[in-house]
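A.B. asks: Below you'll find the structure I mean.
Nothing in this text is a laboratory measurement; each read-out follows from the coordinates by a stated rule. These numbers come from a predicted model, not from an experiment. Glycine also receives a Cβ, built like all others from the backbone with ideal geometry; neighbour counts cover every protein chain displayed.
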Amino acid sequence: MLTKIAVLISGGGTNLQALIDAEKSGILKSGKIVLVISNRSDAYGLVRARDNGIETAVITRKASGGQERFEENIKALLKERGIGLIILAGFMSILSADFTAAYPKRIINVHPSLIPSFCGKGFYGLKVHEAALAKGVKVTGATVHFVNEIPDGGEIILQKAVYVEDGDTPETLQRRVMEQAEWILLPQAAEMVSKEISEKGDAYGKK
Ligand code: GAR
């Protein structure tokens with residue numbers, strides 16, 4: 001049985017697009033994206049989802065009346081749709097320990113650095129690349145990992161290195177890391193974990 005996937009986003013959704021493309025090309029074949037949830041109503045990723053006939057939902061912390069209700073609303077929808085795998089693809093909200101404990105090895109996240117560098121609270125989006133350039137690293141990359149109660153602290157699934165080039169700005173570096181790492185790794189990891197879930201009923205051997 002195909003693993004039903006929900007993708008959580010906050011912005012442009014280029015990683016969501018990579019997942020949609022991977023499903024079309026057959027790279028992602030053990031899972032199906034059935035739901036996209038955004039915590040921002042203006043996230044362009046919502047348009048990408050709708051253009052591809054995928055159900056969308058906007059759930060914000062503000063409209064929910066706080067973090068607890070926000071997470072309850074997300075959980076309720078995930079349950080209703082029978083979601084087996086949650087993919088955080090540029091989702092800029094840290095989920096509580098209660099939330100992550102409800103889905104052990106069922107949530108994966110893509111992060112634009114080689115964890116444990118430039119990760120954790122405060123390191124998201126362009127800030128990650130700004131920090132990498134400020135430090136002067138010559139190699140950076142991306143990581144896909146399981147999500148647990150520690151921000152960017154869960155078990156690593158896949159990583160890929162990307163060279164920093166002379167004259168890089170946070171924007172040029174972000175783009176290269178996406179093209180050379182994130183958009184390749186995230187679909188691969190989504191397939192690996194979807195396959196495990198659909199075959200074993202759980203990811204990575206936990207029966
Ligand atoms: C991506 O680079 C993703 O790795 C990063 O935000 C960007 C979202 O782009 N995520 C984080 O920093 C999470 N800590 P997208 O909306 O185009 O996929």
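A.B. asks: In what sequence, highest mean first, do 2-12, 34-44, 162-172 appear when ranked by Cβ atoms within 10 angstrom?
C.D. replies: Ranking the peptides 2-12, 34-44, 162-172 by packing returns 2-12, 34-44, 162-172.
A.B. asks: While we're on this one: Run through the DSSP bridge list for segment 1-89 and note the antiparallel percent, rounded to the nearest 5.
C.D. replies: That works out to approximately 0 percent antiparallel.
A.B. asks: Sticking with this structure for a sec: Once both axes come from the Cα atoms, what is the angle between helix 183-200 and the longest principal axis of the chain, in degrees from 0 to 90, rounded to 10?
C.D. replies: The angle comes out near 30 degrees.
A.B. asks: Give me the number: length gained by fully extending SER64 to SER117, i.e. 0.36 nm times residue separation minus the C-alpha to C-alpha distance, one decimal in nm.
C.D. replies: Once the chain is fully extended between SER64 and SER117, it gains 15.7 nm.
A.B. asks: Nearest 10 degrees is fine. How inclined is helix 126-135 to the longest principal axis of the chain, computing both from alpha carbons?
C.D. replies: 30 degrees
A.B. asks: As I understand it, the dipole of segment 27-184 uses +1 on the Cβ of Lys and Arg and -1 on the Cβ of Asp and Glu, about the Cα centre. Which of LEU133, LEU85, HIS145 lies farthest toward its positive end?
C.D. replies: Final value for the positive-end residue is LEU85.
A.B. asks: Please compute the contact order of segment 81-207 in relative form: average sequence separation of alpha-carbon pairs under 8 Å and at least six residues apart, divided by the residue count, as a percent.
C.D. replies: 25 percent
A.B. asks: A further question follows. Given an 8 Å cut-off on Cα distances and at least 6 residues of separation, report the relative contact order of segment 62-156 as a percent.
C.D. replies: 28 percent
A.B. asks: Do you know the relative contact order of segment 1-142, to the nearest whole percent, from alpha carbon pairs under 8 angstrom that are 6+ apart?
C.D. replies: Taking the mean separation of contacting Cα pairs over the length of segment 1-142, I get 24 percent.
A.B. asks: Multiply the residue gap between LYS160 and LYS138 by 0.36 nm, knock off their C-alpha separation, and tell me the result in nm, one decimal place.
C.D. replies: 6.5 nm
A.B. asks: Can you give the charge dipole size of the chain about its Cα centre, rounded to the nearest 20 debye, using +1 on the beta carbon of Lys and Arg and -1 on the beta carbon of Asp and Glu?
C.D. replies: Dipole size: approximately 420 debye.
A.B. asks: For the chain, what proportion of DSSP beta bridges, expressed in % and rounded to the nearest 5, is antiparallel?
C.D. replies: 40 percent
A.B. asks: Under a 5 Å amide H to amide H cut-off, with H placed in plane at 1.01 Å, what residues pair with VAL164 once short-range neighbours are removed?
C.D. replies: VAL139, THR140
A.B. asks: Something else now. Provide the gained length on full extension for the span GLU171 to LYS200, in nm with one decimal, where the gain is 0.36 nm per separating residue minus the Cα-Cα distance.
C.D. replies: The GLU171-LYS200 span can extend by a further 6.4 nm.
A.B. asks: Pop the C-beta distance of ASN52 and ASP98 into the FRET formula with R0 = 41 Å and round what comes out to the nearest 0.05.
C.D. replies: That pair, ASN52 with ASP98, gives E of 0.85.
A.B. asks: Here is a further query. Can you give the helix-only mean residue ellipticity at 222 nm for the chain, where every DSSP H stretch with n ≥ 4 adds -39500 (n - 2.57) and the sum goes over all residues, rounded to the nearest 500 deg cm²/dmol?
C.D. replies: -11000 deg cm²/dmol
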